Amino acid sequence: MAMRQTPLTCSGHTRPVVDLAFSGITPYGYFLISACKDGKPMLRQGDTGDWIGTFLGHKGAVWGATLNKDATKAATAAADFTAKVWDAVSGDELMTLAHKHIVKSVDFTQDSNYLLTGGQDKLLRIYDLNKPEAEPKEISGHTSGIKKALWCSEDKQILSADDKTVRLWDHATMTEVKSLNFNMSVSSMEYIPEGQILVITYGRSIAFHSAVSLEPIKSFEAPATINSASLHPEKEFLVAGGEDFKLYKYDYNSGEELESYKGHFGPIHCVRFSPDGELYASGSEDGTLRLWQTVVGKTYGLWKCVLPEEDSGELAKPKMNFPETTEEELEEIASENSDSIYSSTPEVKA
């Protein structure tokens, strides 16, 4: 009997969700942060989607968000020409890092002592968070605005992507090691430390490269333009989403499409696997985050596996669909193209 994928829908944002990131696994579970054009990044419990708090302080759209490994700090990149560092436990703003243009990407080193930023001014900046008054180190070389910048190889190297180029930099010498050029715009980039794999999406392509040499490993073609893709921690599966509102799940080894289903009521901007690989999250133009089971039918988080004789064969149905917003209401909202998706947006600090 086929099992139906039942996502958990997380409300709260009032504009498109453009970035999301998970923390590592902590003694308190793992956590999820989302960046949104409403300027109010949100922190959630990663396995349930339960809202924890909203970081208040940006005066423009937030384009990038990340958590450090143990979820004690958060960082955000915004259109107000700043990156901010937050205490992810209390919700307090720790520092504001002024830039000369829109900031698109933020990433912590493994020890959380340094923050890497990139944005529209084409510069990579490295901030020493223990010396916030000090000027950042700057790396130039990109010829268009930077979309994503990530630490790699135990923070010894940096990966960055602009419109049609991905570059690898040496942290110690601040020089470019190698670059990749594409014939169309790069839409996303994910770094997998285990195995040093780089996942790049452009057009309908999902490409895998060595993060050390940038040499190609393999690539898949999707039926529609893809905005984001994520590789399962154990490299079994790949999920991707894009302009056709659908989520695609592939077998990483064979490239076979395993599942595809309408995931949102607008283009999907970002997808990421949780650190334990049990679920993946997606963020969309429709203003929602959704959580999806990697293996449908497993009891996990808010999903409860119900035996067929107990519930007419409906497996892995959430005990509650968080939040209480029906699919019909969401579709009606999306069709109206309203700026305000939910009237009860949380406004308090974390």
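The values are calculated or read from the model by the stated rules, or taken from the named source; none is laboratory data. The shown structure was predicted, so the numbers you read here are calculated from the model rather than taken from an experiment. Every residue, glycine among them, receives a Cβ derived from its backbone with ideal geometry; neighbour counts consider all protein chains shown. Only protein heavy atoms, including side chains, enter the accessible area calculation; ligands, DNA and RNA are left aside. Shrake-Rupley method; radii C 1.70, N 1.55, O 1.52, S 1.80 Å.
Listed values, structure above:
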item: Within segment 8-293: Cβ-based charge dipole about Cα centre, in debye rounded to nearest 20 (Lys, Arg +1; Asp, Glu -1); result: 700
item: Exposure of I217 as accessible area (Å², to 10), given a probe of 1.4 Å and all protein chains; result: 80
item: Solvent-accessible surface ranking, highest first, for V18, V212 at 1.4 angstrom; result: V212, V18
item: Relative packing of 42-50, 168-176, 143-151, which averages over residues the other C-beta atoms within 10 Å, highest first; result: 42-50, 143-151, 168-176
item: Listed residues L20, P193, G46: farthest to the positive end of the dipole of the chain (Cβ charges); result: P193
item: Accessible surface of the chain, 1.4 Å probe, proportion on carbon and sulfur as whole %; result: 50
item: Calculated log₁₀ intensity ratio I(q)/I(0) where the Debye formula runs over C-alpha points of segment 213-312, q = 0.13 Å⁻¹; result: -0.49
item: Charge tally in the Cβ shell below 11 Å around Y191, where Lys, Arg are +1 and Asp, Glu are -1, Y191 excluded; result: -2
item: Spatial separation of Cα centroids for segment 99-125 and segment 9-34, in angstrom; result: 20
item: 222 nm mean residue ellipticity, helices alone, for the chain (DSSP H n ≥ 4; -39,500 (n - 2.57); rounded to 500); result: -1000 deg cm²/dmol
item: Over 29 Å (Cα to Cα) - which of K59/K122; K147/K235; K59/K262; K262/K298 fall in this group; result: K59/K262
item: Degrees, to the nearest 10: 327-336 long Cα axis against longest axis of the chain; result: 50
item: Largest to smallest principal axis extent of the C-alpha atoms in segment 1-117, angstrom; result: 56, 31, 22
item: The chain: relative contact order in percent, alpha carbon pairs under 8 Å with at least 6 residues between; result: 17
item: Accessible area per residue, Å², the chain with all protein chains present, probe 1.4 Å; result: 42
item: For segment 29-146, size of Cβ-based charge dipole, Lys and Arg +1, Asp and Glu -1, in debye; result: 360
item: Solution diffusion estimate, µm²/s, Stokes-Einstein, the chain, Kirkwood Rh from C-alpha pairs, 37 °C, viscosity 0.692 mPa s; result: 161
